[in-house]
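Notes follow once the structure below has been shown.
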């Protein structure tokens, strides 16, 4: 349904029934979220192992970036907003060639991000309101900022 405003322009109206149906559909899928998040964690862990085995070579870091980017986009949907924030931090580090080069100098920072996401999932630490989650995220951000301090934004 469309609504006209005083200027004669047409805007889309809000369909409360459609929103309710979408929320119900999302709720019906929520039982699958835990499994899907677990699948993403397994995929990221495998990408990290491949990166480690190649000394964090470019293709392996790009595959790890792809996995982190997926968790960044899906973590909150799967009820793991902390994983979204941790994955965003990893993406920030390895999204550019300069960042990936820095990551190779201190791969422990990359590994810490993957371990943090895995640990958060296993311990069901879903938000950064949790004291451990908040502290972990702050330390990861600090390490990324130190690594990237002199890289132009």
Checklist entry - If you find the alpha carbon centre of region 28-80 and of region 119-153, how far apart are they in angstrom? => result 16 Å
Next on the checklist: What does the extension gain come out to for residue 33 and residue 115, with contour length at 0.36 nm per residue minus their alpha carbon separation?
Outcome noted: 27.5 nm
Checklist outcome for this item: If the chain between residue 123 and residue 105 were fully extended at 0.36 nm per residue, the gain over the current Cα-Cα distance would be 3.5 nm
Item to check | Footprinting exposure proxy for 94, 86 (fewest neighbouring C-beta atoms within 10 Å first) | outcome: 94, 86
Item to check | Mean shadow area of region 33-147 over all directions, Cα convex hull, nm² | outcome: 5.9 nm²
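Any read-out appearing in this document is the output of simple, stated calculations on the displayed coordinates, not a laboratory observation. What you are looking at is a predicted structure, and each value in this text was computed from that prediction instead of being measured. Here the Cβ is made from the backbone with ideal geometry for all residues, glycine too, and neighbour counts use every protein chain on show.
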